[in-house]
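A quick write-up on the structure given underneath.
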Amino acid sequence: MNFMPEIASEWAGKWEWLNWYLNFWMVFFTVLIFIGVFGFAIKYRRRSEADRPKPILGSVPLEILWIVVPFLISMTMFAWGAALYYDYGSPPQNATEIYVIGKQWMFHTQHPGGQREINELHVPTGRPIKLTMSSEDVIHSFFIPAFRLKRDIVPGRYTSIWFTATKPGKYHLFCAEYCGTQHSQMGGSIYVMEPADYESWLSGGGTGSMASQGEKLFSQLGCSTCHQLTQQGRCPILSNVFGSKVELQNGSTVVADEAYVRESILTPSAKVVAGFQSIMPSYQGQISEQNILQLIAYVKSLSAPAAAPAATPSGGPAEAKEPATGPNRFQPPRETK
């Protein structure tokens, strides 16, 4: 039985060195303090009622030593941990983005090509993977011990983590946050594959990329009536808006990221774009988190060099399906953000 989970990602190796560094100093000072207390208790024990020890006035060099040395050690811990934390929160630009939705009691994952999985995730070795995650109900926690990776999935917002898998194999996935009566059963597997095997797996599933599914939903909801792509309509043009700064009616600016697009769909009056009226209806409760992610993927594609995503071929691994939620059609929106 291994003392620690095996190391299967680049992040796990970096974290492991810091973990052993912290453990070393923990053991070192625990032993040092125990030996000091035990030794001094014997050496300076009271030998008789008349025993009067000499007063100790202190030692400036000793006081400087026990202040400076622990300070320097703690600063190395801080600097090392801060560097890893910054790395942890800064995914590479070329990372493949996979979306994760937590719900009682499963993890639903969807790849950019449209492949969907339930309580499973297939990834290649040697390629950065970014997970953008949200919850449909309560707080969950996405935990892969072999990757030394854990991040809460919070309802109403997006959180993200990234990793680069290094060792092919099957690894456990857990929910590390108590989320209800079946929390202990919420888990699954991460399958790390060689790049060629992963590409072969990708080629066989999905009914179209997330961006293409988002484009269809965009049309079904009537969003294209106001959000026109080639000319100004009653709502802002969405081309090249994702990732840019948007000026609002109150004079402030906001970056058009995933959270902004999500808020624009569910609470459009919260941040109204300068020069436009707050006329867009809310889709709160009418579309699922999965639909929102598809719309976000489509808006992202409008800012990419190639704005027309191609559908992924079908006929490979069976696609994980869930009951559809929300109506198929809505009245055209009357407003925008």
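Laboratory data are not the source of any read-out in this text; all were calculated from the coordinates shown. Model, not experiment: these values are computed from the prediction. When we count neighbours, we look across all protein chains shown, and the Cβ atoms used for this are built from the backbone with ideal geometry, even at glycine.
Of the residues Gly126, Gly58, Gly208, the one that moves most in a GNM of the chain with alpha-carbon contacts below 10 Å is Gly58. Going Cα to Cα from Lys54, which lysines come in below 28 Å? Please leave out same-chain ones fewer than 8 positions away. Partners found: Lys43.
What is the sum of charges, Lys and Arg at +1 and Asp and Glu at -1, for the other residues whose Cβ falls under 15 Å from the Cβ of Trp17? Counting the neighbours of Trp17, the net charge comes to -1. Put simply, when 66-75, 236-245, 159-168, 265-274 are sorted by average Cβ atoms within 10 angstrom per residue, most first, you get 159-168, 265-274, 236-245, 66-75. By DSSP, the beta bridges lying fully in the chain are antiparallel in about 70 percent of cases.
Computed packing ranks the peptides 16-23, 254-261 as 254-261, 16-23, most packed first, by mean other Cβ atoms within 10 Å.
Computed from label points 7 Å out along Cα-Cβ, the spacing between Met26 and Glu247 is 5.4 nm. The share of C-alpha pairs in region 210-301 whose separation exceeds 22 Å stands at 18 percent.
First select every other residue whose beta carbon is under 15 angstrom from the beta carbon of Pro195; then total the charges, Lys and Arg +1, Asp and Glu -1. Result for the neighbourhood of Pro195: -1. Dividing the helix sum by the residues of the chain, where each DSSP H run of 4 or more adds -39500 (n - 2.57), gives a mean residue ellipticity at 222 nm of -10500 deg cm²/dmol. Helix screen, the chain: DSSP H segments with Cα axial length of 30 Å or more and mean Kyte-Doolittle hydropathy at least -1.0 are 10-43, 60-88. Remark on the chain: Cys175, Cys179, Cys223 stand apart, with no other cysteine beta carbon under 4.7 Å. The lysines within cross-link reach of Lys170, meaning a Cα-to-Cα straight distance under 28 Å and a gap of 8 or more places when in the same chain, are Lys14, Lys103, Lys130, Lys150, Lys321.
Compute the distance in nm between two label points, each set 7 Å from the Cα along the Cα-to-Cβ direction, one at Val138 and one at Phe78. Each label point lies 7 Å from its Cα, and together they span 3.8 nm. Computed from the C-beta positions of Val69 and Ser219, the FRET efficiency with R₀ = 51 Å rounds to 0.15.
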